[in-house]
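One structure below.
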């Protein structure tokens, strides 16, 4: 009997300490699983095999695909775009040879490019730049707008 009393007291305390799902201050909105508008837009612009990455607040989605290329000095062509999830609006689209793209922060993309043959590593420029989606400007870290 004593055991049942302690168990029920423990469960009562445990249930009072737990918050219902979704009440945390750090909860971020997650796109609806059946929201296929951004997927349709991305696949119509980029073709099949599109990969997706959401920004921190899940308000924008980065869609990208990479195609192998047979041109001299070009290994692949990266095609990418950014879509606003609120209204499935295309914000930015580009394609760059031998590049990679990822989120830098909530409103900027980090685009890495592959440099050519490096002879002197000390004086080489950075092999990436940032693209600010709000100002629609290319930025070099530690420098002014391009």
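The values are calculated or read from the model by the stated rules, or taken from the named source; none is laboratory data. Keep in mind the model is a prediction, meaning the values are calculated, not measured. Don't worry about glycine lacking a Cβ; one is built from the backbone with ideal geometry, like all the others, and counts go over all protein chains shown.
Here is how the numbers come out for the structure above:
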item: All positions within the stretch 58-86 that are in a loop (DSSP other than H, G, I, E, B) and more than 18 Å from residue 37 (Cβ to Cβ); result: 69, 70, 71, 72, 73, 74, 75
item: All positions within the stretch 83-103 that are in contact (Cβ under 8 Å) with a residue 24 or more places away in the chain, crowded, with 16+ Cβ neighbours inside 10 Å and within 19 Å of residue 69 (Cβ to Cβ); result: 98, 101
item: Total residues in the stretch 127-146, condition modelled with pLDDT under 70 and in contact with a strand residue (DSSP E or B) (Cβ under 7 Å, 6 or more places away or on another chain); result: 2
item: Some residue of the stretch 62-72 being surrounded by 12 or more Cβ atoms within 10 Å (Cβ to Cβ), in contact with a strand residue (DSSP E or B) (Cβ under 6 Å, 6 or more places away or on another chain) and modelled with pLDDT under 90; result: yes
item: Residue match in the stretch 93-112 (condition: within 22 Å of residue 36 (Cβ to Cβ) and modelled with pLDDT of 85 or more); result: yes
item: Any hit, the stretch 17-32, residues being at pLDDT 75 or above, over 13 Å from the mean Cα position of the chain (by Cα) and not in a loop (DSSP other than H, G, I, E, B); result: no
